[in-house]
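Have a look at the structure below, then the notes.
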Amino acid sequence: MFMELDDCINGRRCIRRYKDDVVPKDIIDKILHAGVWAPSGMNGQPWRFIVIEDRDTINKLSQRTKEILLNLQWPDNLKEAFKLEEDTIFYGAPLLILTCVQKIEDFRTVHLLDCGLAAENMFLMSYQEGVGSCFIGFGNFLNQDPDLLAEVGVPKDHELIAPLIFGYPAENPAPKPREVKILNWIK
Ligand SMILES: Cc1cc2nc3c(=O)[nH]c(=O)nc-3n(C[C@H](O)[C@H](O)[C@H](O)COP(=O)(O)O)c2cc1C
């Protein structure tokens, strides 16, 4: 399936309700390949991926994230959501891809940017394939539990930077308005 780039960029939305259907392996491969074709600082390609399709594992990570989040200060509505039994972190998505990098303090900013660029490539490719997605920044709080991350394959000298969920959309959210805010334009 091919889509005009304009349609892809403008049409992609974060999806927070998913159908049960699994994402086929060939599409997961396509999404991962799109990620690694992103540019990266000094061509470092620092991203490493943990692909999780097992629902119990995704649920375990979600429950643990909520536990960690509940020890911190949040607005009431978020606190209430974190107390719910349901998966209010990864939204019951059938596919979770944890993007992580080796912890190197001097390169942290570059690595953050690299993983962000990879993530958007992955989102656009998945959208083209009819698969919804969302960046789950809350998932990064799992860095506070390195033992659990190690259990799913994140080495102790790595950190999680971009937890990304994917699945077939069960909603069609309206676009959130965008505005090009130019501070200055010098000719
Ligand atoms: C770095 C980053 C972290 C995010 N973290 C979360 C998150 O933890 N949970 C969530 O539901 N959405 C999360 N989002 C999704 C944003 O809320 C979403 O992109 C934004 O509202 C714009 O909506 P759109 O992507 O549908 O245009 C995150 C997005 C980014 C880029």
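The values are calculated or read from the model by the stated rules, or taken from the named source; none is laboratory data. As the structure is a computational prediction, the values presented were derived from the model and not from experiment. Quick reminder, even Gly has a Cβ in these numbers, built from the backbone with ideal geometry, and neighbours come from all protein chains shown. Accessible surface areas use protein heavy atoms only, side chains included; no ligands, DNA or RNA. Shrake-Rupley method; radii C 1.70, N 1.55, O 1.52, S 1.80 Å.
What residue, of Leu70, Leu61, Leu84, is closer than 24 Å to Asn172 by Cα, at pLDDT 95 or above and aliphatic (A, V, I, L, M)?
Leu84
Residue pairs whose Cβ atoms lie under 6 Å apart, sitting 6 or more positions apart in sequence or on different chains, and linking a residue in the range 117-144 that is under 21 Å from Asp26 (Cα atoms) to a partner that is basic (Lys, Arg), are Phe123/Arg12; Met125/Lys30; Tyr127/Arg12.
I'd like the full set of residues that are assigned to a strand (DSSP E or B) and away from the ligand (no atom under 12 Å from the Cβ), limited to the range 91-102.
Taking the range 91-102 as the starting set, the residues that turn out to be assigned to a strand (DSSP E or B) are 95-102.
If the condition is that a residue be assigned to a strand (DSSP E or B) and away from the ligand (no atom under 12 Å from the Cβ), then Leu95, Leu96, Ile97, Leu98, Cys100, Val101, Gln102 are the ones that fit.
The set of residues from the range 111-130 being of a type outside the set (A, V, I, L, M, F, W, C), farther than 20 Å from Tyr168 by Cα and open to solvent by 10 Å² or more (accessible area, probe 1.4 Å) comprises His111, Gly116. Scanning the range 123-178 for residues that are more than 14 Å from the chain's Cα centre (by Cα), assigned to a helix (DSSP H, G or I) and either near the ligand (Cβ under 10 Å from one of its atoms) or among the charged types (D, E, K, R) (or both) returns Asp147, Glu151. Tell me, please, whether a residue that is closer than 23 Å to Val110 by Cβ and in contact with a His (Cβ under 6 Å, 6 or more places away or on another chain) can be found in the range 38-47. Scanning the range 38-47, I find at least one residue that is closer than 23 Å to Val110 by Cβ and in contact with a His (Cβ under 6 Å, 6 or more places away or on another chain), so the answer is yes.
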